[in-house]
Amino acid sequence: MPDQTLIIDSAMSFAEAIEGSAAPLEILDSLSMVDVSYYSFDGRRHAGQIVVDARLEDDVYDIFHLIEKLQFPVGKAVPIVAYDWEDENSMADNNSSAFNYRVIAGTNKLSLHSFGRALDINPVQNPVIYPAGLIAPAGAVYRPQNKGAFSAAHPVVREFLKRGWHWGGNFEQPKDYHHFEKT
């Protein structure tokens, strides 16, 4: 009989999940934390947390329910405070996350992550590929046929699109395969 023990990847309070964020109070007040469960690459059920704009809470909950039902592997889902608000460290650890008050890489424009309106899933399997060929996180390779990777036909991608989200794999440049956003 397989081990049915739930592995806890994150069990923070909301206060712990936003501690030290530079976000203004009006943004912090608009956020909610969603407890999610999923199968990870070890084949076992895990529990994590996603901090997101409260208006997107139902979408995130329902999509993670689909992810769990499909047994689509998720590396982990831990609020990015655990990575000292460093997106690169979170991506390198294959962490799935949403809220992070920061600018879009290479710009001074706030990312939709700053408002909890963007969600990244499995950055190692679904990296960002920049026009010059740079890939983030470092060492990641995009192979859409691999476990944990997305393609345009993937049921999780289709569910996000059906709910009015945009997928970074459809962006002209850069291709951001782990990124979903809803404006």
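Every number here is computed from the coordinates shown, using simple stated rules; none is lab data. Bear in mind that the values here come from a model prediction, so they are computed numbers and not experimental data. Cβ atoms come from the backbone with ideal geometry, glycine included; neighbour counts cover every protein chain shown.
None of Gly133, Gly164 is at positive phi and in contact (Cβ under 8 Å) with a residue 12 or more places away in the chain except Gly164. Residue-level check: of (1) touching a residue at least 40 places away in the same chain (Cβ under 8 Å); (2) surrounded by 19 or more Cβ atoms within 10 Å (Cβ to Cβ); (3) not in a loop (DSSP other than H, G, I, E, B), Glu159 misses just (2). I'd like the full set of residues that are over 17 Å from Trp167 (Cα atoms), outside any strand (DSSP E or B) and among the hydrophobic types (A, V, I, L, M, F, W, C), limited to region 121-146. Scanning region 121-146 gives Ala132, Leu134, Ala138, Ala140, Val141. Applying the selection to region 162-183, what residues are in contact with a helix residue (DSSP H, G or I) (Cβ under 9 Å, 6 or more places away or on another chain), surrounded by 14 or more Cβ atoms within 10 Å (Cβ to Cβ) and of a type in the set (Gly, Ala, Ser)? Once the filter is applied, which keeps residues that are in contact with a helix residue (DSSP H, G or I) (Cβ under 9 Å, 6 or more places away or on another chain), surrounded by 14 or more Cβ atoms within 10 Å (Cβ to Cβ) and of a type in the set (Gly, Ala, Ser), region 162-183 yields only Gly169.
Taken across region 89-105, residues that are of a type in the set (Asp, Glu), closer than 21 Å to Ala47 by Cα and free of Cβ contacts under 8 Å to residues at least 60 places away in the same chain do occur, with at least one present.
Can you confirm whether Ala149 is among the small types (Gly, Ala, Ser), touching a Pro at 6+ places or on another chain (Cβ under 9 Å) and under 16 Å from Phe41 (Cβ atoms)? So Ala149 does not fit the description; no. Taken as a whole, the structure leaves Ile67 outside the set of residues that are among the hydrophobic types (A, V, I, L, M, F, W, C), closer than 14 Å to His179 by Cα and over 11 Å from the mean Cα position of the chain (by Cα).
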